[in-house]
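Scroll down for the structure; my scribbles are underneath it.
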Amino acid sequence: MIKLVIADSGPLISLSMADALDLLLEFKPGVQVVLTDIVYHEVTAERDKYPDAQKTYQFLSKNSGHITIEETSYGQAALFRVRLDPGYKLLPDAGEMSIASLATNLRRDTFYYEQSW
């Protein structure tokens, strides 16, 4: 199984705004799309304020068998802080930091996808 990790919220936000989230389902069998817990939080936490965040949340929930959320040690710590202080803002590079945390636990068959496309 190849894991395609989306390491930042930017691509998901762009796909949502373009009504193109379904593109994430077009990979060949054997490719697992993965988000870190931080990226998931970034794109869904304010779904009550942003229609695109709500759309992304619904899409990810509906396709949870194809798109998985991986918990990271960085994400656990950062999201614990958010739960303690709802006004706390994550660092601008929180998605990238969570991917570094995740990378220590993944095998070599992982492709890291960055937003500069």
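Answer yes or no as to whether Val82 is in a helix (DSSP H, G or I), aliphatic (A, V, I, L, M), over 13 Å from the mean Cα position of the chain (by Cα) and closer than 16 Å to Ser9 by Cβ.
Yes.
Restricting attention to the stretch 48-60, does a residue exist that is of a type in the set (Val, Ile, Thr), at pLDDT 90 or above, surrounded by 21 or more Cβ atoms within 10 Å (Cβ to Cβ) and outside any strand (DSSP E or B)?
Yes, the stretch 48-60 contains a residue that is of a type in the set (Val, Ile, Thr), at pLDDT 90 or above, surrounded by 21 or more Cβ atoms within 10 Å (Cβ to Cβ) and outside any strand (DSSP E or B).
Taking the criterion of being surrounded by 14 or more Cβ atoms within 10 Å (Cβ to Cβ), more than 9 Å from the chain's Cα centre (by Cα) and among the hydroxyl-bearing types (Ser, Thr, Tyr), would at least one residue in the stretch 21-38 satisfy it?
no
Looking only at the stretch 13-42, which residues are touching a Ser or Thr at 6+ places or on another chain (Cβ under 6 Å) and among the aliphatic types (A, V, I, L, M)?
Val34, Ile38, Val39
Determine which single condition Pro29 fails, assuming it passes every other condition in (1) at pLDDT below 90; (2) not in a loop (DSSP other than H, G, I, E, B); (3) not hydrophobic (A, V, I, L, M, F, W, C).
(2)
The values are calculated or read from the model by the stated rules, or taken from the named source; none is laboratory data. What you see is a predicted model, and the numbers here were worked out from it, not measured in a lab. Glycine also receives a Cβ, built like all others from the backbone with ideal geometry; neighbour counts cover every protein chain displayed.
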